[in-house]
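As structure tokens, the structure follows; a few thoughts come after it.
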Amino acid sequence: MDNPLLLQTRRHFFKGCSIGLGAMALGSLLDNNSLSGSEKQADSYGGPQVPRKPHFPAKAKSVVFLFMAGGPSQLELFDYKPKLQELNGQPIPESFIKNKRFAFMDLFTKEVPKLLGTKRRFAKHGQCGACVSECLPHLAGVVDDIAFVLSVAADVLNQHPAKLCVNCSCPQLARPSMAAWSS
């Protein structure tokens, strides 16, 4: 065998980790504090679901994460795009779709899809000046007390992997979800 990594066993790996960054990483994974009496006792009756002390003191009082698959688009609720409204019904500009793949574009026809703006009316609310549509009149009254995340993007082509990206930060299964991190 030419590749020495193929000869390395798990035992060899852990032996090599005994010094340097590997030791620090392994030490943090094992977390000596978790073996102390109080947390060990919490583990005995609650298992891995028992909340542990956080690394840093919590500043947020609560977390509400709404993921509404099949719900209204952010473009209909709080992500106002005035340029999209202006270009409503027109073909997508060539500069936007050139050399890119989109799930909604048919590869066999040459018809360019048309832009679709919202029919909702938007207004700015609160000191922050957040735009909220007419669909959320009560939310408009508390915009200064909540956070809007408008910068989410994914490089995946279809909706299902994009949903996984939103919830787990990866388009593949078996990653911790947003709910797991917030708990």
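Condition first: part of a loop (DSSP other than H, G, I, E, B) and without any contact (Cβ under 8 Å) to a residue 40 or more places away in the chain. Now tell me which residues in the stretch 118-138 satisfy that. 119, 121, 126, 127, 128, 129, 134, 137, 138 - these are the residues of the stretch 118-138 that are part of a loop (DSSP other than H, G, I, E, B) and without any contact (Cβ under 8 Å) to a residue 40 or more places away in the chain. The stretch 26-96 holds helices (runs of 4 or more DSSP H) entirely within its bounds, and those carrying 3 or more residues that are modelled with pLDDT under 70 and open to solvent by less than 60 Å² (accessible area, probe 1.4 Å) map to 37-46. Restricting to the stretch 143-166, name every residue that is part of a helix (DSSP H, G or I), without any contact (Cβ under 8 Å) to a residue 40 or more places away in the chain and open to solvent by 60 Å² or more (accessible area, probe 1.4 Å). Across the stretch 143-166, the qualifying residues are 144, 145, 160. Evaluating residue 169 against the criteria (1) under 22 Å from the mean Cα position of the chain (by Cα); (2) open to solvent by less than 60 Å² (accessible area, probe 1.4 Å); (3) hydroxyl-bearing (Ser, Thr, Tyr) leaves one unmet condition, (2).
The values are calculated or read from the model by the stated rules, or taken from the named source; none is laboratory data. Owing to the predicted nature of the structure, the values given are computational and were not obtained by experimental measurement. Counting neighbours? That spans all protein chains shown, and the Cβs are built from the backbone with ideal geometry, glycine included. Surface accessibility is based on the protein's heavy atoms, side chains included, excluding ligands, DNA and RNA. Shrake-Rupley method; radii C 1.70, N 1.55, O 1.52, S 1.80 Å.
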